[in-house]
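The values are calculated or read from the model by the stated rules, or taken from the named source; none is laboratory data. Every value quoted in this text rests on a predicted model; they were computed, and no experiment measured them. Note that each Cβ is placed from the backbone with ideal geometry, even for glycine, and that neighbours are counted across all protein chains shown. Keep in mind that these areas ignore ligands, DNA and RNA; they rest on the heavy atoms of the full protein, side chains included. Shrake-Rupley method; radii C 1.70, N 1.55, O 1.52, S 1.80 Å.
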Amino acid sequence: MKILSVNAGSSSLKFQLYEMPEEQVLISGVFERIGIDNSFYTIKLNGEKIKKEADLPDHKKAFEILVNELIDNKVIASCDEVKAIGHRTVQGGEKYDHTVVIDEDVINDMIKYSPLAPLHNPAAITGIKAAQEVFKGALQTAVFDTAFHATMDEVNYMYPVPYEWYTKYGVRKYGMHGTSHRFVSMRINQILGREDTKVITCHIGNGASISAVVNGKCIDTSMGLTPNAGVMMGSRCGDIDCSIVPYIMEQTGMTTKEIDNELNKKSGLLGISGVSSDSRDIEDGIKTGNEKCILAQDMYVRRIINYIAMYYVEMGGADAIVFTAGVGENSISTRKQIVDGLAALGIKLDDEANNCRGKENLISSEDSSVKCYVIPTDEELMIARDTYELTK
Ligand code: AMP
């Protein structure tokens, strides 16, 4: 059965088509600059990458081009062969703790939760509506980023603010990257060969979050009401003293939008280094002795170590620590700094094993108190699996 996994942004559309249950990727790609000038798309098929320019006024047009490409490349004979489409959606509020088939109520709930994910939920809805128009017979599902974190206890998801902020405005920790945390925590349990595990999953990419997962269920996570909580990220500040916000607004006269932009897009590695939000550029800066890059990296790593240590204590130990996403899968030096910083817990790195990028690997030494793994994440596959299950 052919299942399409979709991640719609406001001006982009990523897709992967799977043959399920074999989990074989038939074709993947991305449409970019939708609704703006110079739009184009790239597709990956049979190990070959093709880039084409195309007029992409909206997401519907992108799906129509996708259907033509699928037919032209003989991936499908007709549109009806795509039996289901799974959509990556970010904010499912308190209601959605699992993947669901999309109906009118789901869309209305996504609209309701949009103030909590103002960039992501409206974009996902646009993608869903366009997919419904083009793939008329396909089952459509919503895979929520927040769903995996729905198992958190209120001690962990409540903020110490007036209680009515929660009841009136939904102020609580929801967490993000749930599909990725779920994927790697399922995989680590497979590797460990049991379900009764205590695992710390570190999704460290441009955005970053750390989760504490006990017996496959999330008990705590570092992102909060929004994705700008927890550890320091590429361009987001993560946890800071919240009174910095009114203080800087008063000092500078910035509006709420402006300060939100500074904290989301101009902070983190970029804000401290003044160089880049990309770990690779920070690593290059460190090699040339750039002191701000060194400081940015040390602050970045410190915060990840702190979260891991916190969750280690919260869970009463850990069986494994998993590194995933762009930095977690690829940055040998960042992983080394993190694991070395956990020495007080008896956690030790195997430097040779750590010398790997983008592949599943045990990177801790034999005498490490906790096993450390690199596990490449695969949110698209998780979306396809969930969607396939709902077709049954
Ligand atoms: P993601 O958000 O998961 O796609 O991760 C993207 C981030 O991964 C980039 O911004 C880089 O900071 C980081 N990254 C990717 N490849 C490498 C690498 N080889 N070394 C260090 N960082 C990397």
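Taking first residues from segment 192-216 that are closer than 16 Å to Val370 by Cα and partners that are assigned to a strand (DSSP E or B) and of a type in the set (Phe, Trp, Tyr), the Cβ contacts under 6 Å between residues at least 6 apart in sequence or on separate chains come to Cys202/Phe323.
With part of a helix (DSSP H, G or I) and either away from the ligand (no atom under 16 Å from the Cβ) or among the aliphatic types (A, V, I, L, M) (or both) as the only criterion, which of Val327, Val322 stands out?
Details: Val322 fails: part of a helix (DSSP H, G or I).
Just a single option satisfies the conditions, and that option is Val327.
For segment 294-319, the tally of residues that are open to solvent by less than 20 Å² (accessible area, probe 1.4 Å), assigned to a helix (DSSP H, G or I) and either farther than 17 Å from His181 by Cα or not hydrophobic (A, V, I, L, M, F, W, C) (or both) stands at 6.
Identify, from the list Val143, Val171, Val155, the residue that is surrounded by fewer than 21 Cβ atoms within 10 Å (Cβ to Cβ), touching a helix residue (DSSP H, G or I) at 6+ places or on another chain (Cβ under 7 Å) and modelled with pLDDT of 95 or more. Outline the logic, then answer.
Details: Val143 fails: surrounded by fewer than 21 Cβ atoms within 10 Å (Cβ to Cβ); Val155 fails: touching a helix residue (DSSP H, G or I) at 6+ places or on another chain (Cβ under 7 Å).
When all the criteria are applied, what remains is Val171.
Give the number of residues within segment 333-360 that are open to solvent by less than 40 Å² (accessible area, probe 1.4 Å) and outside any loop (DSSP other than H, G, I, E, B). Total satisfying the criteria: 7.
Checked against (1) open to solvent by less than 10 Å² (accessible area, probe 1.4 Å); (2) under 13 Å from the mean Cα position of the chain (by Cα), Thr197 passes all but condition (2). Before we move on, is Ser279 touching a helix residue (DSSP H, G or I) at 6+ places or on another chain (Cβ under 9 Å), within 16 Å of the ligand (Cβ to nearest atom), farther than 16 Å from Val214 by Cα and open to solvent by 50 Å² or more (accessible area, probe 1.4 Å)? So Ser279 fails the test.
The residue pairs whose first member lies in segment 367-378 and is under 18 Å from Thr334 (Cα atoms) and open to solvent by 40 Å² or more (accessible area, probe 1.4 Å), whose second member is among the polar types (S, T, N, Q) and modelled with pLDDT of 95 or more, and whose beta carbons are closer than 9 Å, counting only pairs six or more residues apart or on different chains, are Lys371/Ser364. Out of the residues in segment 70-94 that are open to solvent by 20 Å² or more (accessible area, probe 1.4 Å) and in contact with a strand residue (DSSP E or B) (Cβ under 9 Å, 6 or more places away or on another chain), state the one that is nearest to Glu379 (Cα to Cα). By that ranking, first place goes to Arg88.
Only one residue in Ile71, Ile43, Ile50, Ile34 is free of Cβ contacts under 8 Å to residues at least 60 places away in the same chain and part of a helix (DSSP H, G or I). Which one? Can you show your working first?
Values: Ile43 fails: part of a helix (DSSP H, G or I); Ile50 fails: part of a helix (DSSP H, G or I); Ile34 fails: part of a helix (DSSP H, G or I).
Residue meeting the stated conditions: Ile71.
Residue under question is Glu48, and the condition is that it be over 21 Å from the mean Cα position of the chain (by Cα) and more than 30 Å from Ala150 (Cβ to Cβ); does it hold?
Yes: the conditions hold for Glu48.
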